[in-house]
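Novice: Can you keep this structure in mind? I'll have questions shortly.
The values are calculated or read from the model by the stated rules, or taken from the named source; none is laboratory data. Keep in mind it's a predicted model, so treat the numbers as computed, not measured. All Cβ positions, glycine included, derive from the backbone under ideal geometry; neighbour counts span all protein chains shown.
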Amino acid sequence: MPELPEVETVVRGLQTLLPGRTITGVRLGKTDFIDDPAKLEELLSGSKICFVRRHGKFIVAELEKPMPIQAALNAPSVRLHFIIHLGMTGQLIVVPATMPSALHTHVSISLDNGKELRYIDPRRFGRMLVLPESHSESVLGPLGLDPLEVNIEEFRKQLSSKRARIKAILLDQRMLRGMGNIYTDESLWRARIHPARLASSLRRKEVARLHRAMQQILREAIRLGGSSISDYVNAEGLPGEFQIRHRVYQREGKKCSRCGALIRRIIVAGRSSYFCPRCQRAPRQRHK
């Protein structure tokens with residue numbers, strides 16, 4: 001599933017291609033991942049794209065929709081949020097309208113410059129909807145702090161009172177929006193913290209080390225365009241390169257680049273977790 005660096009990479013690409021463009025038409029294929037297909041088609045058509053940003057793993061396009069003169073009164077336009085989640089296999093690319101559509105292209109949004117914004121998703125586990133700006137908090141509001149913006153004190157406060165495993169805390173979107181399995185495992189390895197440690201058991205220096213490692217990993221991944229494990233590509237259809245920098249993720253049985261021990265895999269918080277048993281010491285088991 002695309003995580004924060006992949007979504008941020010897509011957003012940065014879209015931000016160079018979409019603002020100022022007007023949507024001239026919408027073609028829909030399969031729509032089971034769209035909250036209200038008819039409403040989406042109606043609201044998108046004729047809207048101007050003002051800005052594109054990331055909120056956790058969501059892509060948010062801020063739109064301006066002109067209103068009919070008879071309904072405008074003192075509000076000649078309304079502000080809308082076009083919200084997209086890529087799910088596990090979603091791709092969002094901008095291509096010339098003359099380019100043949102790829103297999104599993106379910107949404108094609110025509111732009112006034114002869115290009116199209118296309119959503120491709122073989123498994124259709126994503127989500128797409130359009131809401132008035134004032135209503136978008138119903139979707140985005142419950143999400144937690146951004147890992148790239150959270151400061152050390154806020155981060156420490158999130159962890160200090162939690163009796164859950166540190167892996168579970170980092171994956172909880174209500175705590176930190178945007179973290180996923182890849183960058184959680186990579187951050188914990190760099191910070192030398194076992195994924196099954198209780199968050200409340202971390203010492204202050206360990207929390208500081210994890211905070212620093214998390215933000216370093218995320219920034220490095222963004223700089224290299226994210227990790228292309230299976231379907232992820234950026235807004236221009238190009239894969240990322242950070243997967244060649246992975247130190248533990250999906251490297252079970254391979255040597256740790258830091259100490260030489262063999263990388264292991266366990267299940268933590270219902271997810272496969274990759275770690276070095278020598279660099280990331282397991283928490284001591286309490287005996288009755």
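Novice: Given the criterion without any contact (Cβ under 8 Å) to a residue 60 or more places away in the chain and among the hydrophobic types (A, V, I, L, M, F, W, C), identify the matching residue among 266, 244. Working first, answer last.
Specialist: Working: 266 fails: without any contact (Cβ under 8 Å) to a residue 60 or more places away in the chain.
Result: 244 is the single residue among 266, 244 that is without any contact (Cβ under 8 Å) to a residue 60 or more places away in the chain and among the hydrophobic types (A, V, I, L, M, F, W, C).
Novice: Looking at residue 183, is it crowded, with 20+ Cβ neighbours inside 10 Å, over 15 Å from the mean Cα position of the chain (by Cα) and not β-branched (Val, Ile, Thr)?
Specialist: Numbers: crowded, with 20+ Cβ neighbours inside 10 Å: yes; over 15 Å from the mean Cα position of the chain (by Cα): no; not β-branched (Val, Ile, Thr): yes.
Considered against the rule, which asks whether it is crowded, with 20+ Cβ neighbours inside 10 Å, over 15 Å from the mean Cα position of the chain (by Cα) and not β-branched (Val, Ile, Thr), residue 183 comes out as no.
Novice: Still on this structure: Return yes when residue 236 is surrounded by fewer than 17 Cβ atoms within 10 Å (Cβ to Cβ), touching a Phe, Trp or Tyr at 6+ places or on another chain (Cβ under 7 Å), part of a loop (DSSP other than H, G, I, E, B) and among the charged types (D, E, K, R) and no when it is not.
Specialist: Numbers: surrounded by fewer than 17 Cβ atoms within 10 Å (Cβ to Cβ): yes; touching a Phe, Trp or Tyr at 6+ places or on another chain (Cβ under 7 Å): no; part of a loop (DSSP other than H, G, I, E, B): yes; among the charged types (D, E, K, R): yes.
Here the answer is no, as residue 236 does not meet what is asked.
Novice: Within segment 11-53, which residues are out of contact with any strand residue (DSSP E or B) (no Cβ under 6 Å at 6 or more places or on another chain), surrounded by 15 or more Cβ atoms within 10 Å (Cβ to Cβ) and among the β-branched types (Val, Ile, Thr)?
Specialist: 31
Novice: Please determine whether any residue of segment 61-75 is surrounded by 21 or more Cβ atoms within 10 Å (Cβ to Cβ) and modelled with pLDDT of 85 or more.
Specialist: The answer is yes, given that some residue of segment 61-75 is surrounded by 21 or more Cβ atoms within 10 Å (Cβ to Cβ) and modelled with pLDDT of 85 or more.
Novice: Tell me, which helices (runs of 4 or more DSSP H) wholly within segment 125-214 include 3 or more residues that are outside the structural domain of residue 58 (by TED's automatic domain parsing) and of a type in the set (Lys, Arg)? Reasoning before the result, please.
Specialist: On the way: elements: 137-140, 152-160, 166-171, 181-191.
Hits in segment 125-214: none.
Novice: Is segment 253-274 home to any residue that is surrounded by fewer than 21 Cβ atoms within 10 Å (Cβ to Cβ) and in contact with a Gly (Cβ under 7 Å, 6 or more places away or on another chain)?
Specialist: Looking for residues that are surrounded by fewer than 21 Cβ atoms within 10 Å (Cβ to Cβ) and in contact with a Gly (Cβ under 7 Å, 6 or more places away or on another chain), one finds at least one in segment 253-274, hence yes.
Novice: Within segment 106-117, is there a residue that is surrounded by 13 or more Cβ atoms within 10 Å (Cβ to Cβ) and over 19 Å from residue 17 (Cβ atoms)?
Specialist: Yes; the residues of segment 106-117 include at least one that is surrounded by 13 or more Cβ atoms within 10 Å (Cβ to Cβ) and over 19 Å from residue 17 (Cβ atoms).
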